[in-house]
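A.B. asks: One structure follows; several queries about it will come next.
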Amino acid sequence: MNVSSILFYAISAFILGAGILAVTSVKIFRAAIWLLFSLVGIAALYFWMQVEFIAAIQIVVYVGGIVVLIIFSIFLTQHSGKEMKSTPLNKKIFSALAALFGTAFVHNLIVHYDGFAFNSAEPFNANVAKIGTQMLSTTSHGFILPFEVVSMLLLAAMIGCIVIAMRPAQTTAADTNILNHKN
Amino acid sequence: MQEIPLTQILFVSTALFFIGMYGLFTRRNLITMLMSIELMLNSVNINFVAFNKYLFPDNLDGIFFTLFIITIAAAEAAVAIAIIINLYRSHNSIDVDDASEMKY
């Protein structure tokens, strides 16, 4: 039990504890903040695995982008401080049983599977120069095609969001109701 | 680093995935359901990076899959929030039980 493994267990406990609080908290704003802590913990796990680039991307995109977007939409759609409608107890119990059963099942599979072919011929090296070169290379292991496709997807998602969330132009309240019923 | 085997990282990601699944089953609010889906996507990302690091250290395919999953998750969250805001405008609620016109 050295410092590295103690760090791993601490990070894992932090991720799982914050995740459980994020899905069980009755106030939606607190749930969003617990989700943020869980995502920061996952970034710490990436740092622990020495993939610093993915950890930085995790912090920039998830913590700086998605969680902020979620908090904005909470402010737009919820009355802050109000507690959410609680789910029926039997539904909670059966969901918890399903989750526990699934965890135990997959845990059992992982424990009894011994086909992991550990390949430690050369040390793992994921520096940014290597990632960038392979991302934009056109040779057989390059990722230029998915890179371009995902850029088109982001453009389509951006235009789609604007179109979906756009208010119908210059209509009265009654017209808006009619339009919404038509849609 | 070598003291922690791959299986322990897989246990953490499994537990995180099923925490997200529990949230998806019990929550009735669209924003919290979206948050549960983000937890599940993150557990998959941990798996990709861990398999890449432990089993195939000489190439970087798991890292690239993680990058693309993060990109698509960002696009998905943006579109989902646009739909949620549109639903709130027409129903004044983002509870899934209140939007049941197209059920059955």
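The values are calculated or read from the model by the stated rules, or taken from the named source; none is laboratory data. Quick caveat: nothing in here was measured; it's all calculated off a predicted structure. Every residue, glycine as well, gets a Cβ built from its backbone with ideal geometry; the counts of neighbours run over all protein chains shown.
A.B. asks: Can you name every residue in region B:20-35 that is assigned to a helix (DSSP H, G or I) and over 17 Å from A:Val40 (Cα atoms)?
C.D. replies: Just the residues of region B:20-35 that are assigned to a helix (DSSP H, G or I), to begin with: B:20-26, B:30-35.
B:Met21, B:Tyr22, B:Gly23, B:Leu24, B:Phe25, B:Thr26, B:Leu30, B:Ile31, B:Thr32, B:Met33, B:Leu34 - these are the residues of region B:20-35 that are assigned to a helix (DSSP H, G or I) and over 17 Å from A:Val40 (Cα atoms).
A.B. asks: What is the residue count in region B:47-98 for residues that are closer than 21 Å to A:Phe8 by Cα and either within 18 Å of the chain's Cα centre (by Cα) or of a type in the set (S, T, N, Q) (or both)?
C.D. replies: So the count comes out to 8.
A.B. asks: Output the residues belonging to region A:87-100 that are in a loop (DSSP other than H, G, I, E, B) and surrounded by 11 or more Cβ atoms within 10 Å (Cβ to Cβ).
C.D. replies: Here is the first cut: in region A:87-100, the residues in a loop (DSSP other than H, G, I, E, B) are A:87-88.
Listed by number, the list holds a single entry, A:Thr87.
A.B. asks: Only one residue in A:Lys82, A:Lys92 is more than 7 Å from chain B (Cβ to nearest Cβ) and among the basic types (Lys, Arg), so which one is that? Walk me through it before giving the result.
C.D. replies: Values: A:Lys92 fails: more than 7 Å from chain B (Cβ to nearest Cβ).
Only one candidate passes the filter, namely A:Lys82.
A.B. asks: Anything in region B:1-37 that is buried (at least 17 other Cβ atoms within 10 Å of the Cβ) and either basic (Lys, Arg) or touching a strand residue (DSSP E or B) at 6+ places or on another chain (Cβ under 9 Å) (or both)? List them, or say none.
C.D. replies: Of everything in region B:1-37, those that are buried (at least 17 other Cβ atoms within 10 Å of the Cβ) and either basic (Lys, Arg) or touching a strand residue (DSSP E or B) at 6+ places or on another chain (Cβ under 9 Å) (or both) turn out to be B:Arg27, B:Asn29, B:Leu30.
A.B. asks: Please list, ordered by first then second residue, the pairs with beta carbon atoms under 7 Å, 6 or more apart or interchain, first in region A:112-125 and under 14 Å from B:Pro5 (Cβ atoms), second loosely packed, with under 10 Cβ neighbours inside 10 Å and modelled with pLDDT under 80.
C.D. replies: none
A.B. asks: Checking the conditions here, which among A:Ile20, A:Ile28, A:Ile57 is surrounded by 13 or more Cβ atoms within 10 Å (Cβ to Cβ), in contact with a Leu (Cβ under 9 Å, 6 or more places away or on another chain) and of a type in the set (Val, Ile, Thr)? Break it down into steps so the answer makes sense when it comes.
C.D. replies: On the way: A:Ile20 fails: in contact with a Leu (Cβ under 9 Å, 6 or more places away or on another chain); A:Ile28 fails: in contact with a Leu (Cβ under 9 Å, 6 or more places away or on another chain).
Residue meeting the stated conditions: A:Ile57.
A.B. asks: Find all pairs meeting these conditions: Cβ atoms under 8 angstrom apart; at least six residues apart or on different chains; first residue within region B:83-104 and within 8 Å of another protein chain (Cβ to nearest Cβ) and touching a residue at least 60 places away in the same chain (Cβ under 8 Å); second residue assigned to a helix (DSSP H, G or I) and surrounded by 15 or more Cβ atoms within 10 Å (Cβ to Cβ).
C.D. replies: B:Ile94/A:Thr77; B:Ile94/B:Leu30; B:Ile94/B:Ile31; B:Ile94/B:Ile84; B:Ile94/B:Leu87; B:Ile94/B:Tyr88; B:Asp95/B:Leu30
A.B. asks: Moving on to the next point. Can you confirm whether B:Ile69 is touching a residue at least 12 places away in the same chain (Cβ under 8 Å), in contact with a helix residue (DSSP H, G or I) (Cβ under 9 Å, 6 or more places away or on another chain) and either in a loop (DSSP other than H, G, I, E, B) or buried (at least 20 other Cβ atoms within 10 Å of the Cβ) (or both)? Walk me through how you get there before you give the answer.
C.D. replies: Working: touching a residue at least 12 places away in the same chain (Cβ under 8 Å): yes; in contact with a helix residue (DSSP H, G or I) (Cβ under 9 Å, 6 or more places away or on another chain): yes; either in a loop (DSSP other than H, G, I, E, B) or buried (at least 20 other Cβ atoms within 10 Å of the Cβ) (or both): no.
No, not satisfied.
A.B. asks: Still on this structure: Can you name the residue in region A:126-142 that is touching a Leu at 6+ places or on another chain (Cβ under 8 Å) and either free of Cβ contacts under 8 Å to residues at least 12 places away in the same chain or more than 17 Å from A:Glu52 (Cβ to Cβ) (or both) and, of all such residues, is surrounded by the most Cβ atoms within 10 Å (Cβ to Cβ)?
C.D. replies: Ranking the qualifying residues of region A:126-142, first place goes to A:Gln134.
A.B. asks: Moving on to the next point. Search region A:4-20 for residues that are in contact (Cβ under 8 Å) with a residue 24 or more places away in the chain and pair each with any residue that is part of a helix (DSSP H, G or I) and of a type in the set (Phe, Trp, Tyr) when their beta-carbon atoms are under 7 Å apart and the residues are at least 6 apart or on different chains.
C.D. replies: As it stands, the answer is A:Leu7/A:Trp48; A:Phe8/A:Trp48; A:Ile11/A:Trp48, since those pairs meet every condition given.
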